[in-house]
Protein chains: 2
Amino acid sequence: MSNIDLDLLRQGNRRALAKAITLVESKLDQHRTDAQEILEEILPETGKSIRIGISGIPGVGKSTFIEAFGQHLIAQGHKVAVLAVDPSSPLRGGSILGDKTRMEMLSREENAFIRPSPSEGALGGVAQKTRETMLLCEAAGYDIILVETVGVGQSEYEVAAMVDFFLVLMIPNAGDELQGIKRGIMELADSLVINKADGESVNLARKTKSHYQNAFHLIKTGNFWNPRVLTCSALEKNNISDVWDMICEYKSAAVEHNFFHEKRANQNAEWLKKLIHELIDMRLNHSTEVQATMPELQRKVINNSTTPYKAAKQIVDLL
Amino acid sequence: MSNIDLDLLRQGNRRALAKAITLVESKLDQHRTDAQEILEEILPETGKSIRIGISGIPGVGKSTFIEAFGQHLIAQGHKVAVLAVDPSSPLRGGSILGDKTRMEMLSREENAFIRPSPSEGALGGVAQKTRETMLLCEAAGYDIILVETVGVGQSEYEVAAMVDFFLVLMIPNAGDELQGIKRGIMELADSLVINKADGESVNLARKTKSHYQNAFHLIKTGNFWNPRVLTCSALEKNNISDVWDMICEYKSAAVEHNFFHEKRANQNAEWLKKLIHELIDMRLNHSTEVQATMPELQRKVINNSTTPYKAAKQIVDLL
């Protein structure tokens, strides 16, 4: 067992929390084992927060928004943890989200805890470590967890799969430039928030809002929640409270429709399935026999000289 | 080796083809092995068709559309195979797609081959068998494969993952009733075709078309193809040729942008990965130890009394 004082962590001690997170993020086998023991011990204290995913392409003002949003929440008496899933680090060289020095005001708050993205993930990737960090923050008394990511590749799906509410930040824009939005986003978002609705952009923001409202209207799902489009200005701290009010309204509705806890239970079950497959992938990757056979088989499958079924069977028989 | 005459199959003999498909659909271990040998032998003759997925909720007129579309293609000198992935059979009792008696005219055509959905799937599910059947049809000289499914659950994704072009049929509709469209569809569809644009519905169909064009416009991806929205009447055989012209245009563009074969290669590689995991799942399901442990572990994970990581490790260690 590690030397981390879990009672201190439960009391909200930042050093104990930071040490526990470092342990969770470690790649050493012994640390992984210790981390899992800690996580299991604190599980009863977890789950009491609302977990909010915040995504958006670079340039939408994520940091400014989170700073303003976080300060608003703290002013209302909440404890806010800001975590990040940054798909760019470290393999593709350099992080997209930058580091924690971005949110200067928020980082000075007693009731805010900001943790940059883990620099790399072993099993389950960076997302797995962020999941585990989220649990530690909950045990330390943070009742609102913001998980930040960029609108790039797989990371949005990973974040959406660990939060209660998924919010996508956008900028005022119209016409042709609107097309940058990825198709999948409409499927993930519980809300789009058009940031930078200030100065000369106020009208454009309103137009953008109605554009997306129409799009959502066309494809709305008909369950208890229809994705909402809001506008705000993080810079001028305008309409920030609307965003929080909306999330509270979502939570009430989700709890009332028995969806809130069901969603979390499903996320956990899915996560278990994913981890089983990842652990098996790890074994496949560590098997020298599999590694010697795989490239040739993949080539054969792609070139149509063997069937995927035959190739798969050959691989699994090596396990 | 089975007693199926592959030379006859290659010459387009319908009986040889039907026998080979029956073998592919069999659940017996020996039949699976025989089927894989046949598939490997005919692989060089496969891949020369265009594979088109056709989806739509019950009531959009899929059978009528496929009948009209198939007859149009045959009149142009093509050989058309119609396969189906019916997610409803057999577990949930009764098929949604019905059986082949639906397409009466088409089924009498010499150059059409209609095969209902396999009644159940072993490995890879119903979709795996349809994939394999598709290869057999290609070897038998069918140069257009239509894979039909319903807009329900996972089956659309499965079909989209095995075809070159994915077409979603819809009905003229507007306002509130439009909302039935699933969010994910926008991500899958290469084209929406509004069927039943006839009689009093012509105007409504035009409106519906512009609705969806707007929605696609908002979320378009910016690569070489932007999803198109067409209208047609399968009943009156109006604008059916537009659909085929569009697909030909798509194919030219996809080939020109090196996307056509790349997409198939990726589909094959993904399929291999999926089959490896399914074979492993099968082993997990057949392991009495795993089966004895799993339910309790799942409950623990959902109730937060163990971490997904710990549970996953316990399962994999049993393999």
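The values are calculated or read from the model by the stated rules, or taken from the named source; none is laboratory data. No experiment lies behind these values; they were computed from the predicted model shown. Methodologically, a virtual Cβ is constructed for each residue, glycine included, from the backbone with ideal geometry; neighbour enumeration extends over all protein chains shown. Only protein heavy atoms, including side chains, enter the accessible area calculation; ligands, DNA and RNA are left aside. Shrake-Rupley method; radii C 1.70, N 1.55, O 1.52, S 1.80 Å.
Listed values, structure above:
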| item | result |
| --- | --- |
| Per-copy distances of the residue B:295 label point, shortest first, in nm (7 angstrom along Cα→Cβ) | 4.7 |
| Cα gyration tensor, the protein assembly as shown - rounded (a/c under 1.5), prolate or oblate | oblate |
| Sites excluded, GluC sites (Glu not before Pro) in DSSP loops with at most 15 other C-beta within 10 Å, longest stretch of chain B | B:121-235 |
| Charge sum, other residues only, whose C-beta stays under 9 Å from residue A:80's C-beta, Lys/Arg counted +1 and Asp/Glu -1 | -1 |
| Antiparallel %, DSSP beta bridges [both residues in chain A], to 5 | 5 percent |
| Residue with peak Gaussian network fluctuation, chain B [Cα springs, cutoff 10 Å], from B:17, B:204, B:135 | B:204 |
| Inter-copy label distances at residue B:282 (7 Å, Cα→Cβ; nm, one decimal) | 2.6 |
| Gain on full stretching of the segment that runs from residue B:110 to residue B:26 - 0.36 nm per residue minus C-alpha separation | 27.6 nm |
| Radius 11 Å from Cβ of residue B:259, net charge of other residues (Lys, Arg +1; Asp, Glu -1) | 0 |
| Anisotropy class of chain B from Cα gyration tensor, a/c 1.5 cut | oblate |
| For residues of B:292-305, the mean tally of beta carbons on other chains within 10 Å | 3 |
| Ascending list, in nanometres, of distances separating the residue B:207 label from those of the other copies (7 Å, Cα toward Cβ) | 2.6 |
| Peptide-level mean, for B:267-274, of C-beta atoms on other protein chains within 10 Å | 6 |
| Cβ-placed point charges (K, R +1; D, E -1), dipole of the protein assembly as shown about Cα centre in debye, nearest 20 | 400 debye |
| Net charge dipole size for chain A [Lys, Arg +1 and Asp, Glu -1 on Cβ; Debye, nearest 20] | 660 debye |
| Partner chain coverage, peptide B:30-39 - average Cβ within 10 angstrom | 2 |
| Label point distance in nm, residue B:285-residue B:40, each placed 7 Å from Cα along Cα→Cβ | 2.5 nm |
| Net dipole in debye of the stretch B:269-318 [+1 Lys, Arg Cβ; -1 Asp, Glu Cβ; about Cα centre; nearest 20] | 160 debye |
| Fully extended contour minus Cα-Cα distance, from residue B:263 to residue B:15, at 0.36 nm per residue | 86.1 nm |
| Most to least accessible of B:317, A:281, A:29 (protein chains only, probe 1.4 Å) | A:29, B:317, A:281 |
| Residue of B:254, B:160, B:139 that the Gaussian network model of chain B assigns the largest fluctuation, springs spanning Cα pairs under 10 Å | B:254 |
| Percent RCO, i.e. relative contact order, over chain A, from Cα pairs under 8 Å lying at least 6 residues apart | 18 percent |
| Cα gyration tensor shape of the stretch B:269-318, rounded if a/c is under 1.5, else prolate or oblate by comparing a/b with b/c | prolate |
